[in-house]
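Below is one structure; the comments refer to it alone.
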Amino acid sequence: MNRSPAIVGLGITEMGKVYGRSASDFAAEAVRLAAADAGVGLHEVDGLLTNAGIGGDIGIGLQRDLGLHDLRVLSSVQSFGASAGAMVQYASMAVASGMADVIACVFADAPLKEKVAGGAAYAATSRTPRGWRGLTAASGMLGANPQYALAARRHMETYGTTSEQFGAIAVAQRAWAARNSLAQMREPITLADHQASRWITEPFHLLDCCLVSNGGVAVIVTSADRAAELRQPPVHVLGWAQAHPGYVMGRDSRFGLVSGAAQAGPAALKMAGVTLADIDVVELYDCYTYTVLVSLEDYGFCAKGEGGAFVESGVLGPEGSLAVNTGGGQLSSYYMWGMTPLSEAVIQARGQGGERQARRNDLVLVSGNGGILDHHSTLVLSPRAH
């Protein structure tokens, strides 16, 4: 029996400014949609992995919400934006070992409230550090924006990376989003639009930063044998890896210069038995334009320090030579943590991208990034069992 893992179901709820629903509501709907997409009955699901967003409103209690019984795998996974990739990895290992047969992995969040700005929605969930850790908060280093800004600034000071080069990423991804009916932001933008957008935390303009979205996304993982009998073309999980750098704010730290992609990328490719040159589609975690740039460097698509020149060369857009964040990513499509790049990777591997479908889709690289560059996950997916 071939128990190699494959993604066979994808469920995406209505996304964006969708009010009056809880994260648990979105999560339950996403799992039901994914099961229906795969053509499996909800009663056949014998594994459930959950990842709660900022609000922490979903967990293993989702089993009861879905009416699932006698599960063989049940857990809540938390490595922030790397969690989607991690969930697929754990599900893949469980399926390969025979621990479970049909596993749902789900993320959902509902931070947006009517008449409340997205930034305020996230600020309401932030916890002020206490003790010595409160010193950074007292100086304004509270939340993701200033900390990622510090990472980006270090990259800029070290390698000469510019704001305009970050802007090239935003423009390219918006061009992809224009072809994606699921995207929240589809209006084309120019580099001048990027530069004119208001500051969030220097060096980040508004258009350097991801969206805020309500919604949920789920995938179903099962064995290759079972996948062959189901409704959708299987997306085989060929390789995976994680990295958790454990950066500290010390002078010898590589924080801002090197991400976990440098470790997780080569390990996942080795497991899949492929090289970077074989990759056709790249779906990267893009909470900020900067994370796209540093991930491209660390995976090896360009040399360290040359990411700025690489992205401004025009390589990333729909007419470029490297299909990156083909749905528009979290900058322009929707923000579902690591489920954003994963969901688009599944769509591309199935060949269901429509107007935005990449020319080649035999191998898809997917990244997840969590915390402030603290966690990283990598998946290598393919429509073929290599």
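The values are calculated or read from the model by the stated rules, or taken from the named source; none is laboratory data. Because the structure is a prediction, the values reported are computed rather than measured. Glycine gets a Cβ as well: all are built from the backbone with ideal geometry, and neighbour counts include every protein chain shown. Surface areas here come from the heavy atoms of the whole protein model, side chains and all, with no ligands, DNA or RNA. Shrake-Rupley method; radii C 1.70, N 1.55, O 1.52, S 1.80 Å.
If you wrap the stretch 147-215 in the convex hull of its Cα atoms and look at it from every side, the mean projected area works out to 5.2 nm².
Just need the relative contact order of the chain here, percent rounded to a whole number, with Cα pairs under 8 Å and 6+ apart. Walk me through the numbers before you get to the answer.
On the way: 938 pairs, mean separation 96.9, N = 386.
The normalised contact order for the chain reaches 25 percent.
If you plug the beta carbon distance of Met1 and Ser181 into 1/(1 + (r/R0)^6) with R0 = 35 Å, you get a FRET efficiency near 0.35. With the simple model of a label 7 Å out from the Cα in the direction of the Cβ, Gln78 to Arg254 spans 2.8 nm.
Using unit Cβ charges (K, R positive; D, E negative) and no other charged atoms, how large, in debye to the nearest 20, is the dipole of the chain about its Cα centre? Could you put the intermediate results ahead of the total?
Values: 28 positive and 34 negative charges, 101 e Å.
Charge dipole of the chain: 480 debye, to the nearest 20.
Membrane-span-like helices in the chain (whole DSSP H runs, Cα extent of at least 18 Å along the helix axis, mean Kyte-Doolittle hydropathy of at least 0.5): 23-38, 83-97. Per residue, the accessible area of the chain comes to 40 Å² when a 1.4 Å probe rolls over the protein heavy atoms.
Of the accessible area of the chain, computed with a 1.4 Å probe over protein heavy atoms only, carbon and sulfur atoms account for 52 percent. Using the average count of surrounding beta-carbon atoms within 10 Å as a protection proxy, the listed peptides 51-61, 356-366 rank, highest first, as 356-366, 51-61.
Quick one: what do you get for the stretch 174-327 if you divide its Cα Rg by 2.2 N^0.38 Å? Kindly include the intermediate steps, with their values, before the conclusion.
Numbers: Rg = 17.8 Å, N = 154, 2.2 N^0.38 = 14.9 Å.
Normalised Rg, Cα atoms only: 1.19.
Provide Rg over Rh for the chain; use the alpha carbon set for both Rg and the Kirkwood Rh (inverse mean inverse pair distance). Intermediate results must be reported in sequence, preceding the final value.
Details: Rg = 19.6 Å, Rh = 20.6 Å.
In the chain, Rg relative to Rh is 0.95.
The label point for Arg21 and the one for His244, both projected 7 Å from the Cα toward the Cβ, are 3.2 nm apart.
Sort 196-203, 78-85 by packing, meaning the average of other beta carbons within 10 Å per residue, with the highest value first. If you can, show how the numbers build up before the last one.
Values: 196-203: 14.5, 78-85: 26.2.
Output ranking for 196-203, 78-85: 78-85, 196-203.
What order, most packed first, do the peptides 33-39, 105-111 have when packing is the mean number of other Cβ atoms within 10 Å of each residue? All intermediate terms of the calculation are to be shown ahead of the outcome.
Details: 33-39: 20.6, 105-111: 28.3.
Result, highest mean Cβ count within 10 Å first: 105-111, 33-39.
Compared with the direct C-alpha span, the chain from Ala303 to Ala192 gains 37.2 nm at full extension, assuming 0.36 nm per residue.
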